[in-house]
Amino acid sequence: MSASPRSTADSPRGASGLAPERPSAAAGEGVVDDPTATQIVDGVALARLYGEPLFRMPTDLYIPPDALEVFLETFEGPLDLLLYLIRKQNFNIFDIPLAQVTRQYLDYVDQIREHNLELASEYLLMAAMLIEIKSRMLLPPKATADGAEPEDPRAELVRRLLEYEQMKLAAAQLDALPVIGRDFLRAQVTMEQSNVTLFPEVSLADLREAWADILKRARLNQHHHISREQLSVREYMSRVLRRLQGVRYVEFQELFDTATSPTVMVVTFIAMLELSRERLLEVTQAEAFAPIYVRLAYTPVQ
């Protein structure tokens, strides 16, 4: 809420706030060729009042007491006024001369009370606080329990004034920043769009990435052709027996050819198991974790 001392004066405006003009011609009469005459609005009316044409000057003008107000200083509240009085006279804010400041403060409050009693109540509260602080300063200070120096009665007021001044300076800095619509306007440019569709250019890198993506999807959708291989266990049983003839024993791993397909090795292993079941070969091991050896369980006829 802002407040300021106001002075009233006679105003040339009426109750409606419209300044009267000298008639250049009455309604229904010819226009007088007088360069100092008031310009006629719309060619007929002298002025417009709330949108309605005014043809004659009113004869019963009422000038209210506060038709003209002069705002000398504007303050946002009691702290703003008190800080203004201190800074204007270059007083030390940590050592405020309360007698002089309170007297100037009360003079200002008296001016406010003449026009706005409700607004003056806020300022009267601060005036009462100033008087209380001044009275506490006149009394002898009370001794503290620990013997320390008593606190200055003005300390709380000084703290509030410093905080208010800090916030006021921050608000002034924010208000100084450029604001759209107040300090600058946003530029708007209208561009005509043609009906011709412009396609983006395709680079070699884009083509390479597209081709790599197609190959990746093709690998996911490729088909696996599985062919059936005819293998005979009896045939591989004969191969194992021929491999063991003429030797005392053969290491287990030497019976398998790792170059062949896994299917062939599986059939070879099944053939060896079948020969062992029919007691045509023996599988031996000297000790735990020792190599496994395979040998014939019979002596072949020479």
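Readers should treat all values here as calculations from the given coordinates under stated rules, not as data from a laboratory. Model, not experiment: these values are computed from the prediction. Cβ placement follows ideal geometry from the backbone for every residue including glycine, while neighbour counts extend to all protein chains displayed.
With all distinct Cα pairs included, what does the Kirkwood hydrodynamic radius of the stretch 256-296 come out to in Å, to one decimal, could you say? Don't jump to the answer; show the numbers that get you there.
Working: mean 1/r = 0.0875 Å⁻¹.
Mean inverse Cα-Cα distance, inverted, gives 11.4 Å.
Across the stretch 182-290, counting alpha-carbon atoms alone, Rg and Dmax equal 35.1, 110 Å.
Spacing of the modelled spin labels on Y298 and S232, each 7 Å from Cα toward Cβ, amounts to 2.0 nm.
How would you order 210-217, 103-110, 251-258 from highest to lowest mean count of nearby Cβ atoms within 10 Å? Intermediate values should be presented prior to the final figure.
Numbers: 210-217: 9.2, 103-110: 15.6, 251-258: 11.9.
Averaged packing, sorted descending, gives the order 103-110, 251-258, 210-217.
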